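The values are calculated or read from the model by the stated rules, or taken from the named source; none is laboratory data. Computed from a prediction, not measured in an experiment: that's the story for all the values here. Positions of Cβ are backbone-derived with ideal geometry, glycine not excepted, and every protein chain shown enters the neighbour counts.
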Amino acid sequence: MGAGPEPVRRRPERSVLVSARLVALVVVVVAITDEMRPGWSGAHLAVLILLVAQVASWLTWSLVSCTMRTQVLVLAVMAASGGAMAPFSPAADVCVGMAALGAGAACEVPLAFGIAALGPGAMAVAASVTTRSIGQVIGVGTAALGGLLLGVGRREYKQRADQEAAIAVARERAELEHIRAGVLDEKNRLAREIHDVLAHTLGALSVQLEALNALHATDPANAEKLGEGLRRTKALASEGLAEARRAVQTLREDVAPLEAQLETLCARTGAELQLSGTPRALSAQVTVALYRVAQESLTNVAKHAPGAAVRVRLGFDPESVELRVENGPGPTGPGPLSSTGSGYGIDGIKERVRLLGGEVVAGSGQDGGWVVEARLAG
């Protein structure tokens with residue numbers, strides 16, 4: 001994603017580099033031909049042949065995209081031909097330096113050193129054959145060493161730049177994955193809130209409508225009881241809207257205290273509420289998670305043990321808060337809606353609490369009842 005503009009940035013750099021190489025080649029050729037006129041005999045012919053080899057290899061190095069093997073061969077020809085011309089013209093030292101620079105930038109250090117050494121070696125051989133001063137080897141060696149150091153430095157700089165670019169891309173990808181994971185977590189959170197609101201509200205409405213249907217079947221003339229049942233159904237629908245508003249408040253981190261919500265819930269379901277410890281403000285997520293535990297537990301009591309005595313205990317410890325919902329056995333056994341629902345209510349609240357670092361334990365209690373305990377830091 002972040003590498004899109006890179007080719008656009010590198011094309012002008014490549015163009016400037018090629019232009020600089022070509023200008024340097026023209027200057028070197030002019031200087032060499034001015035000092036030692038190429039010809040068709042003797043040393044002049046040797047210079048002509050070496051100059052043609054130098055120009056061909058320099059142009060190939062500058063203009064052609066070569067494989068590594070071809071590039072090594074071209075740079076070796078540049079270094080050797082430049083060193084062989086150095087006894088005739090000091091300007092040829094530039095050819096040796098440029099070959100060493102190119103080798104240092106493109107090759108590993110041992111191979112680059114070998115290519116750079118071809119220049120002084122060829123110069124020493126040419127000086128001994130042409131009886132010219134071998135002391136000029138120092139100048140060629142200096143050019144080769146300087147070019148090699150510059151090339152190696154350029155190669156290391158490019159490697160660091162590539163590594164930094166790769167790290168930046170990896171960091172950007174990690175940030176995108178983090179954002180994606182956050183979005184997914186938020187979607188799951190919204191799904192849980194919607195599920196809980198709809199499941200509990202529609203479940204309660206189903207119970208109420210089932211009771212109204214049974215009442216109508218047994219006593220169709222009892223309008224007063226039917227009216228009362230309809231009023232309760234309307235109240236449940238209103239409570240469903242209130243639950244939806246509560247879910248929205250949760251998403252906005254704006255919820256009522258947990259003890260106040262549990263008091264309303266217990267009053268509506270006929271459960272007994274007990275408080276222990278010193279109540280304190282809890283985060284919105286902890287508040288809603290514990291409220292859902294109580295709500296799911298009371299719904300299960302209404303489905304599986306209607307009419308059972310239920311006790312809801314909320315305890316505040318110095319570093320945690322615990323909710324315990326305990327009920328005895330239903331006096332009439334499971335209700336008519338005991339087989340309804342997805343069966344994942346307890347699993348859902350366990351998942352919700354586990355995501356906040358807490359735990360939920362559910363199992364049989366005394367006298368054939370049921371106990372659900374949830375503990376969260378808060």
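Odds and ends about this structure:
- Residues that are of a type in the set (A, V, I, L, M), free of Cβ contacts under 8 Å to residues at least 60 places away in the same chain and under 17 Å from L17 (Cα atoms) number at least 3 in the following helices (runs of 4 or more DSSP H) confined to the stretch 50-159: 92-106.
Residue-wise test of (1) modelled with pLDDT under 85; (2) outside the structural domain of A166 (by TED's automatic domain parsing); (3) among the acidic types (D, E); (4) surrounded by fewer than 20 Cβ atoms within 10 Å (Cβ to Cβ).
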{"site": "A24", "(1), (2), (3), (4)": "yes, no, no, yes"}
{"site": "V28", "(1), (2), (3), (4)": "yes, no, no, no"}
{"site": "A53", "(1), (2), (3), (4)": "no, no, no, yes"}
{"site": "S62", "(1), (2), (3), (4)": "yes, no, no, yes"}
{"site": "C66", "(1), (2), (3), (4)": "yes, no, no, yes"}
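- Among residues of the stretch 79-93, those that are in contact with a Leu (Cβ under 9 Å, 6 or more places away or on another chain) and within 19 Å of W61 (Cβ to Cβ), counted: 8
- Listed conditions (1) surrounded by fewer than 15 Cβ atoms within 10 Å (Cβ to Cβ); (2) over 30 Å from A46 (Cβ atoms) are all met by V129, apart from (2).
- Residue selected from the stretch 287-314 under the condition of a type in the set (V, I, T) and closer than 16 Å to Q366 by Cα, by the criterion surrounded by the most Cβ atoms within 10 Å (Cβ to Cβ): V301
- Residue within the stretch 84-92 that is of a type in the set (A, V, I, L, M), assigned by TED's automatic domain parsing to the domain that holds G151, at pLDDT 90 or above and within 25 Å of I138 (Cβ to Cβ) present: no
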